[in-house]
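Laboratory data are not the source of any read-out in this text; all were calculated from the coordinates shown. From a predicted model like this one, the values you see are computed outputs, not experimental measurements. Note: ideal-geometry Cβ built from the backbone for every residue, glycine included; neighbour counts use all protein chains shown.
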Amino acid sequence: MQNAPTTTSGKSDVFEAVAEILILMILHECGAADGPSIVKKMLRRADSLIYIEEASGYIALLKLEASGWIKNNRYTATPRTGVYVLTKSARTHLPQEIKEWQEFVDHWSQIGCMLNEAISAKPDSQSSLPTVSAI
């Protein structure tokens, strides 16, 4: 049985960061694109790994614009109708950002192993951790 993609609902900032880096990579590759095209491409790339909600893509566009990574060349009231490009600063800093993500991803399997070990460890009966009822 195939595993369902992990959903971003109620998850950490890692999923938001994944949406943002996908958007940055899309704009790096295509130069300029409107909001719906960017979000569709982002959803296609993430499809088999994680489920990113469509609204999260538009939120990521707004956050990236507010942080100065991208700009809307045709200012509109909504991210759905804007045409986005990387800022000059983003084009300069994106290679370093990608390098840092690659380092994070390279270490993720080790982190996953540690988490699996911690989850599968059986606490002994004399554990000093409080029980749920004691909290």
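Determine, from the Cβ-Cβ distance of SER109 and THR81 and an R0 of 35 Å, the FRET efficiency 1/(1 + (r/R0)^6), rounded to the nearest 0.05.
Efficiency, rounded to the nearest 0.05: 0.30.
By the beta-carbon count within 10 Å of each Cβ, the least crowded to most crowded order of TRP108, TRP69, TRP101, fewest first, is TRP108, TRP101, TRP69.
Note on the range 14-119: with charges restricted to the Cβ of Lys and Arg (+1) and Asp and Glu (-1), its dipole about the Cα centre is near 580 debye. For LYS71, LYS99, the sequence from fewest to most other C-beta atoms within 10 Å is LYS99, LYS71.
Students often forget the sequence filter, so: which aspartates and glutamates lie under 12 Å Cα-Cα from LYS71 once same-chain residues fewer than 8 apart are removed? Qualifying aspartates and glutamates at Cα under 12 Å: ASP34. What the Cβ-Cβ distance of VAL14 and ARG45 gives, at R0 = 25 Å and to the nearest 0.05, is a FRET efficiency of 0.95.
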